[in-house]
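Below: one structure, written as structure tokens.
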Amino acid sequence: MLIRTPKDWELSESSATAEAVYRLRNRREFLKTLGAGLAGVALAPHGLLAATAGFPSKENPLFPASALKPTAYEFITSYNNFYEFGTGKDDPAKYANRGWKTEPWTVELAGLIRAPATFDVNALVAKIGGLEQRVYRHRCVEAWSMVVPWDGFPLAKLVALADPKPEAKFLKFTSFLDPKNAVGQQDSYLGWPYVEGLRLDEAVNELAFIATGIYGKPLPNQNGAPLRLVTPWKYGFKGIKSIVKIEFTDRAPLNTWQRLAPNEYGFYANVNPQVDHPRWSQASERVIGGGIFAGRQTTLMFNGYEKQVAGLYKGLDLTQNY
Amino acid sequence: MNSPLEKILRAKPLVYTLIILPGLWPLWPLFVAPNPSVLADPLKYVLHHLGFVACLLLVIVLTLTPLRVIFPQSRPVLALNRHRRLVGVSAFVYAALHFSTHLLYEGGFRVLASDVKKPFLLTGLIAFTILLLLAATSFNRMVQILGAKRWKNLHRLAYVAAALVAYHQAAARKLFPVQVLWIFIPLALLELARIAITVQQKRHAATSARMG
């Protein structure tokens with residue numbers, strides 16, 4: 001007899017139904033609530049679409065949608081941490097669609113590399129050879145999680161393009177700076193622009209991904225258009241949005257959250273159910289879109305990507321290097 | 001003699017309405033005008049909302065006494081002071097709902113063991129225990145049983161609860177939430193003014209006693 005043990009990341013049937021009902025019932029209110037800005041992203045052929053709309057993406061069979069239960073598009077695009085546009089979860093969907101332009105957009109590759117260059121995003125995607133879809137778990141340091149079908153390309157391809165010199169050991173990512181259009185940047189509390197970093201060997205790991213879209217659509221502004229980092233084995237804040245510069249360095253960059261609160265956020269930010277945040281537990285997580293009675297699910301080591309990344313951290317004390 | 005304003009402020013139904021309505025507020029983004037950002041994690045929204053209302057009611061009830069000391073002649077202030085117990089007990093009720101939601105959100109009592117190790121959660125837990133104690137001793141008979149002085153000293157724990165709640169609220173977000181200042185600085189100023197007045201009155205009374 002076959003007894004099927006549900007995996008930790010599987011959602012209950014009841015929550016899936018709730019989601020479908022939610023979509024049908026609330027489509028109209030959803031558009032109303034988010035206002036003309038996001039409606040424009042969903043419906044308009046031009047204008048608000050992010051730069052990388054012209055590239056159809058193909059599912060990568062290694063990271064298929066069938067293995068996980070993707071979170072509804074409405075939730076992925078309305079429940080965001082993007083402090084450049086305010087600290088409320090619903091702020092980015094509102095304020096990132098009021099005149100902030102993500103097209104045209106250029107990305108600079110700089111630092112200890114043999115091929116420094118500045119690319120238009122579209123030219124970059126074309127040069128890389130198009131997009132693929134990967135469905136990844138996404139775990140926020142605030143102990144909630146989603147499943148996101150990303151479109152994009154492996155970061156390793158970008159690193160190959162940059163052609164790092166032997167002394168390059170780290171990547172420093174910098175996000176945009178535009179206080180005129182990004183209301184959150186008008187307050188200086190975070191120290192803009194947002195900065196993140198990876199070790200070079202982390203960056204060329206098969207999971208590290210640059211996303212340009214979700215659900216086959218170009219990234220909405222609130223999700224970090226036109227391109228952002230996705231490192232599914234790390235907490236969400238490592239996934240720097242709207243990148244303008246990637247610099248290769250020989251020392252670890254000081255990422256924004258580590259600079260703000262080094263006792264709470266480190267350089268690595270690997271998902272680790274055994275190492276608590278000083279103010280809350282990281283042992284379990286709430287699944288976005290699960291509804292009121294969905295309960296919590298157990299958080300997996302490296303967010304369930306232990307097989308792919310555990311080797312990167314052999315011999316490293318993860319309670320010290322959080 | 002009663003002014004219309006005073007009449008309104010004395011009315012119990014109005015106070016009940018003002019206390020209950022904020023508790024119903026989450027029904028709006030959840031059902032009436034569904035907001036996907038709220039529906040993404042509805043329980044978290046309810047949890048934070050109930051805690052916020054509990055905190056506001058605690059702060060409001062603590063402003064009533066200082067207002068009476070600062071404006072002893074103001075009839076509206078005196079009218080509002082009639083509702084102190086009601087507001088105080090409702091702060092406890094919201095705190096209890098907030099705590100229950102926390103248990104539901106975290107999936108049961110198991111979480112309490114890890115809660116006591118984290119200052120963010122422990123402060124909330126202690127503040128809630130204090131409010132529980134004060135609500136349980138809020139009946140007139142308890143004043144007789146405990147004696148007025150002891151009862152009053154016990155109920156001064158509400159200030160400890162407020163300080164704990166200020167920390168609890170500040171620690172709830174990744175960044176320091178500025179609203180904590182908006183809520184607690186006015187209360188702190190009122191308390192300082194009240195203490196200053198009380199000290200002055202005592203000194204005055206002592207001087208008069210000597211003169212007499």
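The values are calculated or read from the model by the stated rules, or taken from the named source; none is laboratory data. What you see is a predicted model, and the numbers here were worked out from it, not measured in a lab. Cβ atoms come from the backbone with ideal geometry, glycine included; neighbour counts cover every protein chain shown.
Computed values, structure above
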read-out: Test set (1) at positive phi; (2) within 14 Å of chain B (Cβ to nearest Cβ) - A:Gly99 fails condition number; value: (2)
read-out: Residue selected from the stretch A:62-81 under the condition assigned to a loop (DSSP other than H, G, I, E, B) and of a type in the set (Phe, Trp, Tyr), by the criterion farthest from the other protein chains (Cβ to nearest Cβ); value: A:Phe63
read-out: The stretch A:269-321: number of residues that are facing chain B (nearest Cβ under 9 Å) and β-branched (Val, Ile, Thr); value: 3
read-out: Residues being within 14 Å of chain A (Cβ to nearest Cβ) and touching a Lys or Arg at 6+ places or on another chain (Cβ under 7 Å) - total across the stretch B:75-105; value: 1
read-out: Any hit, the stretch A:184-195, residues being within 18 Å of the chain's Cα centre (by Cα), in contact (Cβ under 8 Å) with a residue 12 or more places away in the chain and at positive phi; value: no
read-out: Residue among A:Pro92, A:Pro149, A:Pro104 that alone is of a type outside the set (Asp, Glu), surrounded by fewer than 21 Cβ atoms within 10 Å (Cβ to Cβ) and touching a residue at least 40 places away in the same chain (Cβ under 8 Å); value: A:Pro104
read-out: Failed condition for B:Thr123, given (1) in a helix (DSSP H, G or I); (2) at pLDDT below 90; value: (2)
read-out: Scan of the stretch B:18-39 for residues that are among the β-branched types (Val, Ile, Thr) and either closer than 22 Å to A:Ala294 by Cα or within 13 Å of chain A (Cβ to nearest Cβ) (or both), ordered by number; value: B:Val32, B:Val38
read-out: For A:Thr118: the one exception among (1) buried (at least 19 other Cβ atoms within 10 Å of the Cβ); (2) assigned to a strand (DSSP E or B); value: (1)
read-out: Residue in the stretch A:258-306 that is nearest to A:Val147 (Cα to Cα), counting only those that are without any contact (Cβ under 8 Å) to a residue 40 or more places away in the chain and buried (at least 19 other Cβ atoms within 10 Å of the Cβ); value: A:Arg296
read-out: Selected residue (only one of A:Ile240, A:Ile246 is surrounded by 21 or more Cβ atoms within 10 Å (Cβ to Cβ), in a loop (DSSP other than H, G, I, E, B) and touching a residue at least 40 places away in the same chain (Cβ under 8 Å)); value: A:Ile240
read-out: Candidate set from the stretch A:175-213 (those that are part of a loop (DSSP other than H, G, I, E, B) and within 14 Å of chain B (Cβ to nearest Cβ)); member that is farthest from A:Val309 (Cα to Cα); value: A:Asp187
read-out: Output for the stretch B:46-61, where each listed residue is surrounded by fewer than 19 Cβ atoms within 10 Å (Cβ to Cβ) and either over 18 Å from the mean Cα position of the chain (by Cα) or within 13 Å of chain A (Cβ to nearest Cβ) (or both); value: B:His48
read-out: From B:Ile126, B:Ile145, B:Ile195, residue being β-branched (Val, Ile, Thr) and under 19 Å from B:Leu64 (Cα atoms); value: B:Ile195
read-out: Residue check for A:Glu84: within 30 Å of B:Tyr45 (Cβ to Cβ) and either more than 14 Å from chain B (Cβ to nearest Cβ) or not in a loop (DSSP other than H, G, I, E, B) (or both); value: yes
read-out: Which numbered condition A:Trp257 misses (of (1) in a loop (DSSP other than H, G, I, E, B); (2) within 13 Å of another protein chain (Cβ to nearest Cβ); (3) in contact with a helix residue (DSSP H, G or I) (Cβ under 9 Å, 6 or more places away or on another chain); (4) of a type outside the set (Ser, Thr, Tyr)); value: (1)
read-out: Candidates B:Gly88, B:Gly107, filtered to the one that is at pLDDT 95 or above and surrounded by 13 or more Cβ atoms within 10 Å (Cβ to Cβ); value: B:Gly88
read-out: Given (1) closer than 18 Å to B:His48 by Cβ; (2) away from every other protein chain (no Cβ under 14 Å), index of the condition B:Arg194 fails; value: (1)
